[in-house]
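Undergrad: Below is a structure I'd like to ask you about.
The values are calculated or read from the model by the stated rules, or taken from the named source; none is laboratory data. A quick note: this is a predicted structure, and the numbers were derived from the prediction, not measured. Here the Cβ positions follow ideal geometry from the backbone for every residue, glycine too, while neighbour counts run over all protein chains shown.
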Amino acid sequence: MNEIESEWAIERSKVVARWFGIVVLATVLEWQRHNGLIAMPRSVFLTLVGGMALINLLHTVYLARCRTVSPLFKYLTTGLDALLVTVTIAWTGYTRSPFFYVYFVLLVSNCLRYGFGMALYLATLVNILYAGALSLAPMTERQTAVLGGEGLKILGFWAVALYGGSIAARMRRTAHVIAAYEDTIAELRAELRARDARAGTAGETGNGE
């Protein structure tokens, strides 16, 4: 399996995980709405959850119809995930939204799959999206977070991105080294089998004479 084919398999697994996440997110949002914890109109709730489901359905259909994906596809899907999480944060309290921590789920799951480059991409994207969302927040919603401010939350996110990305990169290098050893061992075994076969053929020829 080459690199592009492996990314296709990874994206298919992300589609399944995303369906699960959509169900969990929709359940939590509806519970919060029912208990008056968030002021999200039902129309917005249906639009948000429906949009998530539609995008993931398009991913599902696309990946079912192809066997390879562009190297840029992973950045598109991850970027859309981060954008939808940001919209959810904006409708659930901005700085007070508990859904900020979904960013960390996206970060860890994607950097483990794709390595350090994806961690940097997602950290930069979250910086832009989250700061943009907060800049649009009404003054009444710009309350200090319980962790001591939005700057500390972003710094924590960058710390996880850099540390997690370095670990993921090390794991991917180790996996490539192991794969290279396995390929070398397979080649040596094939060479030994071919040599034994040639030796056996030569022995039979000698006995026949």
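Undergrad: Please specify each residue of the stretch 46-70 satisfying the condition of being within 14 Å of the chain's Cα centre (by Cα) and either on the phi > 0 side of the Ramachandran plot or not polar (S, T, N, Q) (or both).
TA: Answer for the stretch 46-70, where residues must be within 14 Å of the chain's Cα centre (by Cα) and either on the phi > 0 side of the Ramachandran plot or not polar (S, T, N, Q) (or both): just His59.
Undergrad: Sort out which residues of the stretch 46-66 are in a helix (DSSP H, G or I), of a type outside the set (A, V, I, L, M) and surrounded by fewer than 18 Cβ atoms within 10 Å (Cβ to Cβ), and write them in order of number. Step through it out loud before you land on a result.
TA: Here is the first cut: in the stretch 46-66, the residues in a helix (DSSP H, G or I) are 46-65.
Keeping just the survivors that are of a type outside the set (A, V, I, L, M) gives 47, 50-51, 56, 59-60, 62, 65.
Passing the criteria: Thr47, Gly50, Gly51, Thr60, Tyr62, Arg65.
Undergrad: Could I ask something else about it? Name the one entry in Leu122, Leu162 that is assigned to a helix (DSSP H, G or I), at pLDDT 80 or above and closer than 19 Å to Phe99 by Cβ.
TA: None of the others qualify; the one that does is Leu122.
Undergrad: Any chance the stretch 9-28 includes a residue that's of a type in the set (A, V, I, L, M, F, W, C), in contact with a Lys or Arg (Cβ under 9 Å, 6 or more places away or on another chain) and within 27 Å of Asn127 (Cβ to Cβ)?
TA: There is at least one residue in the stretch 9-28 that is of a type in the set (A, V, I, L, M, F, W, C), in contact with a Lys or Arg (Cβ under 9 Å, 6 or more places away or on another chain) and within 27 Å of Asn127 (Cβ to Cβ).
Undergrad: Mind checking whether some residue in the stretch 20-31 is outside any helix (DSSP H, G or I) and either modelled with pLDDT of 95 or more or more than 21 Å from Tyr130 (Cβ to Cβ) (or both)?
TA: Within the stretch 20-31 (the criterion being outside any helix (DSSP H, G or I) and either modelled with pLDDT of 95 or more or more than 21 Å from Tyr130 (Cβ to Cβ) (or both)), the answer is no, since none of the residues qualifies.
Undergrad: Under 8 Å between Cβ atoms, at least 6 apart or on separate chains: pull out the pairs that start in the stretch 36-55 with a residue that is closer than 22 Å to Trp19 by Cβ and free of Cβ contacts under 8 Å to residues at least 60 places away in the same chain and end on any residue that is assigned to a helix (DSSP H, G or I) and of a type in the set (Ser, Thr, Tyr).
TA: Leu48/Thr88
Undergrad: On the given criteria, is Val69 in a helix (DSSP H, G or I) and of a type outside the set (Ser, Thr, Tyr)?
TA: Taking the combined requirement at face value, the residue does not satisfy it.
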